[in-house]
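Working notes for the structure below.
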Amino acid sequence: MHTVLSLADVPPQTLPARSMMAFTLASHIILVPLGVALPLITLIMHGYGLRRNDETALLLARRWSAVMAVQFAIGVVTGTVLSFEFGLLWPGMLGRWGDVFGIGFGVEAWAFFLEAVLIAVYLYGWRRLPSRTHFLLGLPLPFVALLGAFGILAANSWMNTPRGFTLDAAGNPVDVSIWKAIFTPMFGPQYWHFVVAMFVTAGYVVAGVYATGWLRGRRDRYHRLGFTIPFTFAAVFTPVQFVLGDSIARQVFHKQPVKFAAMEIVWNTDTHQAEYLYGRLRPDGSIAGGIRIPQLDSILAGFRPDTKVTGLTSVPAADRPTAAEATIAHFAFDTMVFIGSLLILLALWYALVWLRRRRLPASPWFYRVAACAGVASVAAVECGWITTEVGRQPWIVYQNMRVAEAVTSTRAGALWLMFALVIVVYVFVFGSFLVVLLKMRSRWRKPDTAGGPPPATPETDTPYGPRSAGRFL
């Protein structure tokens, strides 16, 4: 049960509240790939170093663990802001539905606490614990990171396909089933699509740093190893992600047909629907621009050209995204697919060279593309969230509560002022993050640029054992 609202009834607080939430989510998600996947990549490098007694690999793992800790600290700030915004901006949703889907946020909070403890232990152990003990204490880190993603995705997938409750006469949820609320129809596809996206993105981001070094003439083993392991990690998961992306799109087609119609800018329900690459949906249902491919949308949705695809006009105008929102979701979806396709080609290039010649590609163009792959992957993640959130409009809880019903009653002017303050804070926070990373990079590069014969590794100290005078992590 929900209130029927016309566009004229939308509260003035809705625009600033949505704008602030969109900004903070878009900012926070930049950090999420490293938070979810960098612990696993670091431990892979760490295990490789221990197995082969490779000091360069251990050095890379030690440095990545320092970056992991700084990223986690910045994520604390941006994540805390998001937590406050849920309560301040959307009290209607939490007040009515908090008992149903709040368990996901509880799981994420516990995972956050455990991750903080484990990162502290892992950093502390580099110089103070036996090597095997230290590595074993770090093994829970990737699982705790995945647990945090589990909590957040459980809450978000519930918002997309709400289950696990019944409504009383007043429209309030009762008889809550926690298991059904967590494991909704969209949870599995959405969770694994998200997790693998984090693996792919983090791998390309880390590898991109060393690809840039390769282009600047740093061809030592330190840079080769720093590139090879994270890039291989990302390349292996790239085709997996493409398959998962196709699967979740088909799940949206079945479970959220109106969102699928927005993603593909389908106006009228029909078979033999054409696929539009980009293009803009007009309010009258016509499409401006784009590349039209006859029947492809129906084929992609159901593997047959006579598959019926639900259109936006299958529901009243108040129950579907506007033409502008559908266009945004469509552009974001197409951009995500386009970037994913390019990453498939990059991974294929890498695999063919490796299988034929058993070495890394030598072409500078490969490393130029690899250096850009991390940024492109982050852009694809941003596009995925835009598709998910904008395509669900006007619902904050799909088919149960509209965004306009959940928004705060705080004056719009106060929300715009708060939004401006959040922007200032985030500029400072991310600026500080960048400064810290650059200082760490400069400090780590000093051994490479020092006079005299170059050392065998970028630092002469081993990761385990006593430090020499003047050395530090």
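The values are calculated or read from the model by the stated rules, or taken from the named source; none is laboratory data. If you're wondering where the values come from, they're calculated on a predicted model, not measured in any experiment. Please note: Cβ atoms are built from the backbone with ideal geometry, for glycine as well, and neighbour counts cover all protein chains shown. Protein only, heavy atoms only, side chains kept; ligands, DNA and RNA dropped before computing areas. Shrake-Rupley method; radii C 1.70, N 1.55, O 1.52, S 1.80 Å.
Would you check if there is a residue in segment 5-15 being at pLDDT below 90 and in contact with a strand residue (DSSP E or B) (Cβ under 7 Å, 6 or more places away or on another chain)? The answer is yes, given that some residue of segment 5-15 is at pLDDT below 90 and in contact with a strand residue (DSSP E or B) (Cβ under 7 Å, 6 or more places away or on another chain). I'd like the residue in segment 12-32 that is farther than 23 Å from Phe199 by Cβ and out of contact with any Leu (no Cβ under 7 Å at 6 or more places or on another chain) and, out of all such residues, is least open to solvent (accessible area, probe 1.4 Å). Looking at residues that are farther than 23 Å from Phe199 by Cβ and out of contact with any Leu (no Cβ under 7 Å at 6 or more places or on another chain), I get Thr14. Looking for something farther than 18 Å from Met198 by Cβ, aliphatic (A, V, I, L, M) and open to solvent by 40 Å² or more (accessible area, probe 1.4 Å) - is there at least one such residue anywhere in segment 137-150? Checked segment 137-150: at least one residue is farther than 18 Å from Met198 by Cβ, aliphatic (A, V, I, L, M) and open to solvent by 40 Å² or more (accessible area, probe 1.4 Å). Once segment 355-368 is narrowed to residues that are open to solvent by 20 Å² or more (accessible area, probe 1.4 Å) and touching a residue at least 24 places away in the same chain (Cβ under 8 Å), the residue that is farthest from Gln13 (Cα to Cα) is Leu360.
Any idea how many residues of segment 354-396 are modelled with pLDDT of 90 or more and in contact with a Pro (Cβ under 6 Å, 6 or more places away or on another chain)? Count: 0. The criterion of being touching a residue at least 12 places away in the same chain (Cβ under 8 Å), closer than 30 Å to Asn156 by Cα, open to solvent by 30 Å² or more (accessible area, probe 1.4 Å) and in contact with a strand residue (DSSP E or B) (Cβ under 6 Å, 6 or more places away or on another chain) does not hold for Leu244.
Residues in segment 281-301 that are polar (S, T, N, Q) and over 20 Å from Arg250 (Cα atoms): Ser286 alone. What do you reckon, is Leu225 within 17 Å of Ala37 (Cβ to Cβ) and surrounded by fewer than 21 Cβ atoms within 10 Å (Cβ to Cβ)? Answer is no for this residue. Only one of the numbered conditions (1) at pLDDT below 90; (2) under 14 Å from the mean Cα position of the chain (by Cα); (3) hydroxyl-bearing (Ser, Thr, Tyr) is not met by Thr166, and that is (2). Screening the candidates Leu421, Leu415 for the property of being free of Cβ contacts under 8 Å to residues at least 12 places away in the same chain and aliphatic (A, V, I, L, M) yields one hit, Leu421.
One residue alone among Gly35, Gly106 is open to solvent by 10 Å² or more (accessible area, probe 1.4 Å), in contact (Cβ under 8 Å) with a residue 60 or more places away in the chain, within 28 Å of Gly391 (Cα to Cα) and part of a helix (DSSP H, G or I), and that residue is Gly35. Candidates Ser65, Ser83: the one that is polar (S, T, N, Q) and either in contact with a helix residue (DSSP H, G or I) (Cβ under 6 Å, 6 or more places away or on another chain) or on the phi > 0 side of the Ramachandran plot (or both) is Ser65. Any residue at all in segment 313-334 that's more than 22 Å from His223 (Cα to Cα), of a type in the set (Lys, Arg) and open to solvent by less than 50 Å² (accessible area, probe 1.4 Å)? The answer is yes, given that some residue of segment 313-334 is more than 22 Å from His223 (Cα to Cα), of a type in the set (Lys, Arg) and open to solvent by less than 50 Å² (accessible area, probe 1.4 Å).
Can you tell me which residues in segment 335-350 are farther than 21 Å from Gly289 by Cβ, open to solvent by 40 Å² or more (accessible area, probe 1.4 Å) and touching a residue at least 12 places away in the same chain (Cβ under 8 Å)? Passing the criteria: Leu342, Ile344, Trp349. Looking across Ala116, Ala66, one residue alone is open to solvent by 10 Å² or more (accessible area, probe 1.4 Å), without any contact (Cβ under 8 Å) to a residue 60 or more places away in the chain, under 25 Å from the mean Cα position of the chain (by Cα) and within 25 Å of Phe428 (Cβ to Cβ). It is Ala116. Would you please list the contacts, defined by Cβ atoms under 8 Å and residues six or more apart or on different chains, that run from a residue in segment 70-90 that is at pLDDT 85 or above to a residue that is not polar (S, T, N, Q) and not in a helix (DSSP H, G or I)? Filtered contacts from segment 70-90: Leu89/Val407; Trp90/Ile396; Trp90/Val407. The combined condition, being under 22 Å from the mean Cα position of the chain (by Cα) and open to solvent by less than 20 Å² (accessible area, probe 1.4 Å), is not fulfilled by Pro239. When we screen Ala404, Ala332 for residues that are assigned to a helix (DSSP H, G or I), at pLDDT below 90 and within 30 Å of Val81 (Cα to Cα), the only hit is Ala404. Considering (1) farther than 20 Å from Glu389 by Cβ; (2) open to solvent by less than 40 Å² (accessible area, probe 1.4 Å); (3) of a type in the set (S, T, N, Q), say which one Asn268 fails and leave the rest. So Asn268 meets the others, but not (2). The set of residues from segment 277-288 being more than 14 Å from Asp334 (Cα to Cα), open to solvent by less than 70 Å² (accessible area, probe 1.4 Å) and assigned to a loop (DSSP other than H, G, I, E, B) comprises Gly285, Ser286. A search for C-beta distances below 7 Å between a residue of segment 129-156 that is in contact (Cβ under 8 Å) with a residue 12 or more places away in the chain and under 21 Å from Tyr48 (Cβ atoms) and any residue that is open to solvent by 50 Å² or more (accessible area, probe 1.4 Å) and basic (Lys, Arg), counting only pairs 6+ apart in sequence or on different chains, returns nothing. Scanning segment 227-254 for residues that are modelled with pLDDT of 90 or more and among the small types (Gly, Ala, Ser), we see that the one that is nearest to Leu58 (Cα to Cα) is Ala234.
Which members of segment 389-412 meet the condition of being polar (S, T, N, Q) and open to solvent by 30 Å² or more (accessible area, probe 1.4 Å)? Passing the criteria: Gln399, Ser409, Thr410.
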